[in-house]
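S.K.: Shown below is the structure under consideration.
The values are calculated or read from the model by the stated rules, or taken from the named source; none is laboratory data. What you are looking at is a predicted structure, and each value in this text was computed from that prediction instead of being measured. FYI the Cβ positions are ideal-geometry reconstructions off the backbone, even for glycines, and counts take in every protein chain you see. What goes into the accessible areas is simple: the full protein's heavy atoms, side chains included, and nothing from ligands, DNA or RNA. Shrake-Rupley method; radii C 1.70, N 1.55, O 1.52, S 1.80 Å.
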Amino acid sequence: MYRKRWLLCALLIFSVSLSAAALSAQEVNLPEKAQSAGMMLYWDPLSLSGVLEKNGHQISFQSGSSFIMKDYQTIVSEKAPYVKDGSLIASVSFFNEAQKFFQEGMQADDAPAPSDASPAAPSSYGIGAIVIDPGHGGKDPGAISPVPLTVNGKKVSVKEKDITLKIGLMLYDALRVAYPGKKIIMTRKDDTFVSLQQRTEIANGVKLKDDEAILYLSIHVNSSFDKSASGYEVWYLSPDYRRQVTNTDDLEDKTLGNIINSLVEEEYTTESILLANFIQNGINTQVGKLSKARGLKAENFAVVRNAMMPSILIETGFISNEKEAGLLTDDSYLKKMSLGIYNGLQAFISHFERTRGFTSTR
């Protein structure tokens, strides 16, 4: 039914031991060298692309390419790291270039601006907007509990659209207080129908400054023929689904345009997985033993496939499980769920903005 991908451990390659390859004098084992030099290394084994990060700056690359990208703005002609005998290998030239770039970046950040200089453009990226998408609504009820439940002394049929809206509004209120300078946007604030296309159009149409990024969270409730199925899960776009996320029409070199698009696409994937992990951990801390984490998963859902930004889909529980459906009608439990999502978001935003963010919207 659903395809399962467990990429996070593979992405955080700096903590994974890879098989040793026979190296020439001009080669280094990149995970080992990066760790010893204090660099963070992210690696996607499916698309063979990665990101090196240090001092708030990044170098992104695609295995075997003759280009690398610095801070998602500058293309440099340099042989990218590559896979050899199961290990991620880089040339000595690449590693030296990376060390030089990160050192120069740190020195530039610490240097005081000239007193007669005009105000400089912001040197860091931040989250400028968060789109909260409560699934379903109006004529589309979403999943419905198979048996009526007793709520406030009455037998009611529990509908997904009502649960997602409650969680979404709780999250919206918390984010508005915590981040008054950011755009907090709901795709719906009441029981109205919003099509899948309209939801992603809302997100893709948000106006951002050059130094801002945007996040998209779609909230849902699960259902299964297996009445014992329970727990929450967080989904991100499958890394083997590729999109055109950058406008490179003005580039004469189409190969370079494809490389740029691929690197930005992989950055969205990396951010989405990290965001999903932060939120899963946030929910786990809040709900504890009341529900179980079913893990991070990948799929080509329309709401994450068509949102041109880091995006995730949260399945908050199974409405088909009578016990869990009861929890999903309890406002105190929904408050825990929304607070878990909020805490995960806050942790991701802190990480993103502390490291200048991975993705430039320029």
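S.K.: Suppose we keep only residues that are of a type in the set (A, V, I, L, M, F, W, C) and closer than 17 Å to S332 by Cβ within the range 278-296. Which one would you say is most open to solvent (accessible area, probe 1.4 Å)?
M.R.: Ranking the candidates gives L290 first.
S.K.: How about the range 1-51: which of its residues are in a helix (DSSP H, G or I), open to solvent by less than 70 Å² (accessible area, probe 1.4 Å) and either at pLDDT below 65 or of a type in the set (F, W, Y) (or both)?
M.R.: Scanning the range 1-51 gives L8, A10, L11, I13, F14.
S.K.: Can you name every one of the strands (runs of 3 or more DSSP E) wholly within the range 126-174 that holds 1 or more residues which are modelled with pLDDT of 95 or more?
M.R.: Per the criteria, 126-134.
S.K.: Ok, one more. Determine which single condition K161 fails, assuming it passes every other condition in (1) without any contact (Cβ under 8 Å) to a residue 60 or more places away in the chain; (2) surrounded by fewer than 19 Cβ atoms within 10 Å (Cβ to Cβ).
M.R.: Looking at each condition in turn, K161 falls short on (2).
S.K.: If I ask for residues that are within 25 Å of P146 (Cα to Cα) and assigned to a helix (DSSP H, G or I), which ones from the range 284-321 would you list?
M.R.: If the condition is that a residue be within 25 Å of P146 (Cα to Cα) and assigned to a helix (DSSP H, G or I), then V287, K289, L290 are the ones that fit.
S.K.: Does S360 qualify as being closer than 22 Å to Y236 by Cβ and modelled with pLDDT under 90?
M.R.: Here the answer is yes, as S360 does meet what is asked.
S.K.: Next question. Quick one: in the range 314-338, which of the residues that are farther than 17 Å from S224 by Cα and of a type outside the set (S, T, Y) is most open to solvent (accessible area, probe 1.4 Å)?
M.R.: Once the filter is applied, the top-ranked residue is K335.
S.K.: Please identify the pairs in which a residue from the range 308-319 that is touching a residue at least 60 places away in the same chain (Cβ under 8 Å) has its Cβ atom under 9 Å from the Cβ atom of a residue that is assigned to a loop (DSSP other than H, G, I, E, B) and among the aromatic types (F, W, Y), counting only partners at least 6 apart or on another chain.
M.R.: Sorted first by the residue in the range 308-319, then by its partner, the pairs are P310/F358; L313/F301.
S.K.: Go through the range 52-76 residue by residue and tally those that are open to solvent by less than 10 Å² (accessible area, probe 1.4 Å) and among the β-branched types (V, I, T).
M.R.: 2
S.K.: Could you list, ordered by first residue, the pairs with Cβ atoms under 9 Å in which the first is in the range 72-101 and under 13 Å from K33 (Cβ atoms) and modelled with pLDDT under 90 and the second is buried (at least 18 other Cβ atoms within 10 Å of the Cβ) and among the aliphatic types (A, V, I, L, M), at least 6 apart or interchain?
M.R.: S87/L30
S.K.: Let me ask you something else. Say we look at the range 93-106 and pick out the residues that are open to solvent by 40 Å² or more (accessible area, probe 1.4 Å) and of a type outside the set (S, T, N, Q); which of these is nearest to V28 (Cα to Cα)?
M.R.: This residue is E97.
S.K.: Before we move on, is F348 of a type in the set (A, V, I, L, M, F, W, C), within 26 Å of W43 (Cα to Cα) and open to solvent by less than 30 Å² (accessible area, probe 1.4 Å)?
M.R.: Yes; evaluated as a whole, the condition is true for this residue.
S.K.: Give the residue that is nearest to V234 (Cα to Cα), with candidates limited to residues of the range 299-345 that are over 14 Å from the mean Cα position of the chain (by Cα) and of a type in the set (A, V, I, L, M).
M.R.: Only one residue tops the list, namely M337.
S.K.: Those residues that are free of Cβ contacts under 8 Å to residues at least 60 places away in the same chain, open to solvent by less than 60 Å² (accessible area, probe 1.4 Å) and not in a loop (DSSP other than H, G, I, E, B), I need them from the range 175-231; list them, please.
M.R.: I184, I185, M186
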